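Enquirer: Sending over a structure as structure tokens; questions will come in a sec.
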Amino acid sequence: MYEFYMPLTHESALRMTLDSLFYKDAILPRLRRIGIEPLKKSFEWLMTDDEDSYLERVSKFFEGKFGGYSIYHVDGRFRAAKLCTQDEAAEISKTGRYLVDETTAVSRFIFPCKKGEADKVRFLFKELFINAITEQVSGEDEIWVVESGLRNQVNI
């Protein structure tokens, strides 16, 4: 399971990227951009494969794992400067912001995995979703991805 945290200021880019995961004509070009050699590290190349049949097979794997996502909103407060005293924070607040209130969209993905499939799913999730959305919102300070299940970790 992955939970992807994105400030709502980027909601339109997030929705567009999420929705593109439902369309083969969006997935295949992304697989081509990844390239055959990087894909071969996760997906076996068969003797009968040509580039098109190989990408079709990888696309079928993704189709079998990705059926959709759920999304919910959370409100949070974040410190926008180094830790300081209340008096120092009051001074900062005169010209800037010490505390920032933000609503965040959390997109949850659950991928059913058989033995040996988790690394493939992790690779495709990163390449087809994480890289696509982070390219669109490159000005964001931090984007969090929480992975749980076979591996529990937070990626920032």
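The values are calculated or read from the model by the stated rules, or taken from the named source; none is laboratory data. Here the structure is a predicted model, which means the values were calculated and not measured. We place every Cβ from the backbone using ideal geometry, glycine too, and count neighbours over all the protein chains shown.
Enquirer: Could you please find all residues in the range 138-148 being surrounded by fewer than 13 Cβ atoms within 10 Å (Cβ to Cβ) and either farther than 17 Å from Leu8 by Cβ or within 11 Å of the chain's Cα centre (by Cα) (or both)? Outline the logic, then answer.
Expert: First, pick out the residues of the range 138-148 that are surrounded by fewer than 13 Cβ atoms within 10 Å (Cβ to Cβ): 138-139, 141-142, 148.
Passing the criteria: Ser138, Ser148.
Enquirer: Can I ask one more? Among the residues of the range 113-123, are any in contact with a helix residue (DSSP H, G or I) (Cβ under 6 Å, 6 or more places away or on another chain), over 23 Å from Ile27 (Cβ atoms) and either surrounded by 16 or more Cβ atoms within 10 Å (Cβ to Cβ) or at pLDDT 95 or above (or both)?
Expert: no
Enquirer: Taking the condition of being under 27 Å from Glu3 (Cβ atoms) and over 33 Å from the mean Cα position of the chain (by Cα), how many residues in the range 72-96 meet it?
Expert: Going through the range 72-96 one residue at a time, the tally reaches 0.
Enquirer: Within the set of pairs 6+ apart or on separate chains, which have a first residue in the range 50-72 that is on the phi > 0 side of the Ramachandran plot, a second that is not in a helix (DSSP H, G or I), and C-beta atoms under 8 Å apart?
Expert: Cβ pairs passing all conditions: Gly68/Phe22.
Each row is one residue, and each column tells you yes or no for (1) part of a strand (DSSP E or B); (2) modelled with pLDDT under 95; (3) among the β-branched types (Val, Ile, Thr).
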site	(1), (2), (3)
Leu28	no, no, no
Thr48	no, yes, yes
Leu55	no, no, no
Gly67	no, yes, no
Arg97	no, yes, no
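Enquirer: Among the residues of the range 107-156, what is the count of those that are hydrophobic (A, V, I, L, M, F, W, C), assigned to a loop (DSSP other than H, G, I, E, B) and touching a residue at least 40 places away in the same chain (Cβ under 8 Å)? Working first, answer last.
Expert: From the range 107-156, those hydrophobic (A, V, I, L, M, F, W, C) are 109-111, 113, 118, 121, 123-125, 128-130, 132-133, 137, 143-146, 150, 154, 156; that's our starting set.
Going one step further and asking which of them are assigned to a loop (DSSP other than H, G, I, E, B), we end up with 110-111, 113, 137, 143, 150, 156.
So of that shortlist, the ones also touching a residue at least 40 places away in the same chain (Cβ under 8 Å) come out as 110-111, 113, 137, 143.
So the count comes out to 5.
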